[in-house]
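**Q** The following block contains the structure, expressed as structure tokens.
The values are calculated or read from the model by the stated rules, or taken from the named source; none is laboratory data. Computed from a predicted model, the values in this text were never measured in an experiment. Positions of Cβ are generated from backbone atoms using ideal geometry, with glycine treated the same way; all protein chains shown enter the neighbour counts.
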Amino acid sequence: MRKISQTKTKVLDQFEARIDEWNFHEFEKALEKAMGKSYGNYQTSKITILEADRDGRWPKTVEQYVRSNHKSFGNLPVEFNPIGVKPGVRVHFS
């Protein structure tokens, strides 16, 4: 497993500690601010959430990101389908 960068870890830790109902766009903006516009974008956010899910240290962040993404678009990017059907998350309705 690849190591998650310190910058991504810092953002993930910040969002894991939040108790408000943040959305995926807020996470993307925070990652963009931390990494710079060249690296912090939607694709980087998706990769970060996938890495965080594999790592297992940020379950609330992964779930909130996926749920808010589903709520905004009515579906999930195909990469998130395995996360969306996990017990407790279940946001993907086939």
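**Q** Could you list, in sequence order, the residues of the range 39-60 that are assigned to a loop (DSSP other than H, G, I, E, B) and closer than 16 Å to Thr7 by Cα?
**A** Scanning the range 39-60 gives Tyr39, Gly40, Asn41, Arg57, Trp58.
**Q** Return the pairs, sorted by first residue and then second, in which the second residue is basic (Lys, Arg), the first residue lies in the range 49-77 and is more than 20 Å from Ala30 (Cα to Cα), the beta carbons are less than 7 Å apart, and the residues are 6+ apart or on different chains.
**A** Sorted first by the residue in the range 49-77, then by its partner, the pairs are Pro77/Lys46.
**Q** Let me ask something else about it. Would you confirm, using the coordinates I've provided, whether Glu32 is farther than 19 Å from Ile83 by Cα and free of Cβ contacts under 8 Å to residues at least 24 places away in the same chain?
**A** yes
**Q** OK, next. Just to be sure, is Glu63 surrounded by fewer than 20 Cβ atoms within 10 Å (Cβ to Cβ), of a type in the set (Asp, Glu), in contact with a Gly (Cβ under 9 Å, 6 or more places away or on another chain) and part of a helix (DSSP H, G or I)?
**A** So Glu63 fits the description; yes.
**Q** I'm trying to understand the selection: among the residues of the range 1-28, which are under 17 Å from Phe73 (Cβ atoms), of a type outside the set (A, V, I, L, M, F, W, C) and part of a helix (DSSP H, G or I)?
**A** His25, Glu26, Glu28 - these are the residues of the range 1-28 that are under 17 Å from Phe73 (Cβ atoms), of a type outside the set (A, V, I, L, M, F, W, C) and part of a helix (DSSP H, G or I).
**Q** So Ile83 ticks every box in (1) part of a loop (DSSP other than H, G, I, E, B); (2) touching an Asp or Glu at 6+ places or on another chain (Cβ under 7 Å); (3) among the hydrophobic types (A, V, I, L, M, F, W, C) but one. Which box is left unticked?
**A** (1) is the only condition that Ile83 fails.
**Q** Which residues, taken from the range 23-45, are out of contact with any Ser or Thr (no Cβ under 6 Å at 6 or more places or on another chain), closer than 16 Å to His70 by Cβ, modelled with pLDDT of 95 or more and surrounded by fewer than 18 Cβ atoms within 10 Å (Cβ to Cβ)?
**A** Listed by number, the residues that qualify are His25, Glu26.
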